[in-house]
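Note sheet for the following structure.
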Amino acid sequence: MTKKIKLFGLLLLLAVNQSAFAQTNQEKALEKGMEAIKLMDKGEFDESIKLLKEAEKLDPERFDYPYEMAYAYYAKADYKKAISILEKNRKHKNVTEQLYQLLGNSYDVSGAPEKALAAYDDGLKIFPNSGSIYLEKGNVFWMKKEYGKAIPFYEKGIEVDPTFSSNYYRAARIYCGSSEEVWGMIYGEIFMNLERNSKRTAEISQLLFDTYKSQITFTSDSSFSVSFSKNATINVSDLSDPGKLKLPYGVGFYEPTLMMALLPVKSINLTSLNTVRTSFLDSYFSSGNDKNYPTVLFTYQKKVKDAGHLEAYNHWILMKGDEAGFQKWYDGNKEKFEAFGKWFNENQIEITNENKFYSGQF
């Protein structure tokens, strides 16, 4: 389900400032619209729709009112009415990508996935860099458990809108259940940095820990194996210039670097994973792999390490995989974790079109 954007919230101050003066129709409409949103949040959809209709009559030029009305009909499962309103407003001068999200969702839950995909495609013609529309396209196939068809849309969403978190979330879940867990590990951690305090954050924390645990196997006291990627494909054209040959990301860089970092440890837990992740990061930069396999996540991890917070960061990333272990560590490192939290709030990961990361780059 599309998450409703409360478009009226930003105009609250305007409504308050105007309250002492004679109101125009637009101001009256705004007040009704804001009240309608409050009612919608309480689940009082019919009352909300009534106010939105009144607001639309007072200010018929605004896009907000019909959109919110369509959302209210969607929320009360009257998809036919929602579609009718949205179709009428597709060419509105102030149309937003949310209309195409909601229109596609309405078609999809009505049992018309082809029309849903067509609506999303129409939206992408107008909003080609909409990560949220690519998310919805992927979700059509996610709901049918056709994950192989869903993943290209999530990754395209990451490519065009690299700060939109939900595509990383879906991609991480798919890849951590595939033979190419390497992408899930990186997408998942980027997601946690973009969306730090949600139920989904906790879910991905658990997923990352569990994937480390399942894909690193200690076969004896002196041997172990890792399995985060099976893609060893090399383009024939690359062989013509050995000096420029770059091995696949997973088997060429990630797994070998991880194996070297695992040499000092004998089991997988929060403490050992902190050791492994720290060694992995150091090797990434000392070996020059930051140039061969540029990864915004590892660049950010170095920033965390240089600030003196990598141990706390690693425990935060993986804490849901071993909550008892985290609590034991936290009891002895409370000040360290609180210092990290303060720094973390002021130093978020910065992802741009220049440093964005997605598997298609490799």
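The values are calculated or read from the model by the stated rules, or taken from the named source; none is laboratory data. Please read all numbers here as calculations on a predicted model, not as lab measurements. A quick note on method: Cβ atoms are made from the backbone with ideal geometry, for glycine too, and the neighbour counts reach across all protein chains shown.
Listing for the model above:
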quantity	calculated
Helices (runs of 4 or more DSSP H) contained in the range 1-101 and holding at least 1 residues at pLDDT below 95 and over 27 Å from Leu117 (Cβ atoms)	12-18, 25-41
Single residue of the range 185-218 satisfying the filter (among the aliphatic types (A, V, I, L, M) and in contact with a Ser or Thr (Cβ under 9 Å, 6 or more places away or on another chain)) that is farthest from Val296 (Cα to Cα)	Ile216
Qualifying positions in the range 191-216 - of a type in the set (Ser, Thr, Tyr) and closer than 17 Å to Gly177 by Cα	Ser205, Thr211, Tyr212, Ser214
Test: residue in the range 264-273 that is buried (at least 20 other Cβ atoms within 10 Å of the Cβ) and part of a helix (DSSP H, G or I)	yes
Residue in the range 177-189 that is surrounded by 17 or more Cβ atoms within 10 Å (Cβ to Cβ) and not in a helix (DSSP H, G or I) present	yes
Test: Asn345 is more than 21 Å from Gln206 (Cβ to Cβ) and not in a helix (DSSP H, G or I)	no
Enumeration of residues in the range 246-267 that are among the charged types (D, E, K, R) and within 29 Å of the chain's Cα centre (by Cα)	Lys246, Glu255
Answer residue from the range 325-362, given it is surrounded by fewer than 18 Cβ atoms within 10 Å (Cβ to Cβ) and among the hydroxyl-bearing types (Ser, Thr, Tyr) and is farthest from Ser272 (Cα to Cα) among those	Thr352
Ser229 vs. criteria at pLDDT 95 or above, loosely packed, with under 13 Cβ neighbours inside 10 Å and part of a loop (DSSP other than H, G, I, E, B)	no
Given (1) among the hydrophobic types (A, V, I, L, M, F, W, C); (2) more than 17 Å from Thr211 (Cβ to Cβ); (3) surrounded by fewer than 18 Cβ atoms within 10 Å (Cβ to Cβ), index of the condition Phe253 fails	(3)
Pairs where the first residue, in the range 219-233, is over 21 Å from Ile174 (Cα atoms) and the second is surrounded by 14 or more Cβ atoms within 10 Å (Cβ to Cβ) and at pLDDT 95 or above, C-beta under 7 Å, 6+ apart	Phe224/Ile216; Phe224/Leu262
Matching entry among Asn333, Asn345, Asn292 (being under 14 Å from Met192 (Cα atoms) and polar (S, T, N, Q))	Asn345
Boolean, Ser359 is under 16 Å from Met185 (Cβ atoms), among the polar types (S, T, N, Q) and modelled with pLDDT of 95 or more	yes
Hey, Ile317 buried (at least 17 other Cβ atoms within 10 Å of the Cβ), in contact with a Ser or Thr (Cβ under 6 Å, 6 or more places away or on another chain) and either of a type outside the set (D, E, K, R) or under 17 Å from Asn193 (Cβ atoms) (or both) or not	no
